[in-house]
Amino acid sequence: MIFATVSTPHSAPQPALVSNGRVHPLPFVNMHAVINTGAQQAAERASKESFAMDEVKFHAPLQPTSLRDAYAFEQHVKAASQNRGRDVPETWYKFPVFYYSNPHGIFGPDDEIPFPHYTQALDFELEIAVVIGKAGINIKPENASEHIFGYTIFNDWSARDVQQVEMQMGLGPAKGKDFASSLGPVIVTSEALSDKATNRSGVYDLKMSARVNGVEMSKANFKDIFWSFGEIIARASDTCELQAGDVIGSGTAGTGCLLELTKAQGPWLNAGDVVELEIERIGSLKNFVGGNKV
């Protein structure tokens, strides 16, 4: 099943079921209510009235309860470490790591992304994210799929120059990351991806790509992730209860950012640039870089 949050010229944003190229409104106040009801039960309440895809505006599918971002693609980790003049830390291979980002700075498809006044090195990040559908603590990797509601595209916008300075302090990124995260256009449940499943928990064979102003910059595949979402969820839930509506990003896919592609030298994104991330079966998430720094 495929879920989205949409609006029409005559309606406020509301959850919807996307089926056979049509958008069917759902009688729920937001996506959290859909998640708490359950995918199958929610889909059964879809309106018979439907809209064509181009008749609605897609919004960020949900406002996360919390937002974590992992660092799980080895190719990206190797390239980023090399750009910093170091080897991949040995501890990276011992357990999946993540940081907490801002769950309130969420943007959706076709939204304009603010260009922070404090950066000269704005970057995109090509990621996939899981939406937690069932609360849990101390979740085992092999049971993680029971706690996943679905998958969406995630762009973890980054101010690379600020991030580099911040992380010299020995903590995770802060102002280098907290100004914007994009999600969407839809959430696709595991059942809808079953024919693309791998033998690793929460991992699927899905092509990923990124374009800037129509030029392809990145090509990757979700199946190449080093730490599975099962392992990431197990780590995140260790002595910490995950909540329905939490979102966890994969970290940047290999080649999935300008930091990696340009060896951290730029050129970086400019005002007016159009960034489009695409993941097979999930769709395309397009955003515009704001014309004025804020």
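Assorted remarks:
- Test: residue in the stretch 215-222 that is in a helix (DSSP H, G or I) and either in the same structural domain as Glu74 (by TED's automatic domain parsing) or not aromatic (Phe, Trp, Tyr) (or both): yes
- Only one entry of Tyr93, Tyr100, Tyr118 meets the criterion of being of a type outside the set (A, V, I, L, M), under 30 Å from Thr37 (Cα atoms) and surrounded by fewer than 22 Cβ atoms within 10 Å (Cβ to Cβ), and that entry is Tyr100.
- Boolean, Gly245 is in contact (Cβ under 8 Å) with a residue 12 or more places away in the chain, assigned by TED's automatic domain parsing to the domain that holds Asp123 and over 19 Å from Gly150 (Cβ atoms): no
- No other residue among Phe154, Phe124, Phe107 is outside the structural domain of Leu17 (by TED's automatic domain parsing), of a type outside the set (S, T, N, Q), over 18 Å from Gln63 (Cβ atoms) and under 12 Å from the mean Cα position of the chain (by Cα) apart from Phe124.
- Filtered residues of the stretch 123-148 (kept if over 17 Å from Asn199 (Cα atoms) and basic (Lys, Arg)): Lys134
- Residues considered: Lys196, Lys175. Of these, the only one that is in contact (Cβ under 8 Å) with a residue 24 or more places away in the chain, over 16 Å from the mean Cα position of the chain (by Cα) and within 24 Å of Ile132 (Cβ to Cβ) is Lys196.
- Selection count, the stretch 253-294, where residues are touching a helix residue (DSSP H, G or I) at 6+ places or on another chain (Cβ under 8 Å) and either outside the structural domain of Lys219 (by TED's automatic domain parsing) or without any contact (Cβ under 8 Å) to a residue 12 or more places away in the chain (or both): 1
- Any hit, the stretch 154-161, residues being under 19 Å from Gly254 (Cα atoms), touching a residue at least 40 places away in the same chain (Cβ under 8 Å) and surrounded by fewer than 24 Cβ atoms within 10 Å (Cβ to Cβ): yes
The values are calculated or read from the model by the stated rules, or taken from the named source; none is laboratory data. This structure is a prediction, so every number in the text was calculated from the model and none was measured. Heads up, the Cβs are rebuilt from the backbone with ideal geometry, glycines too, and the neighbour counts pull from every protein chain shown.
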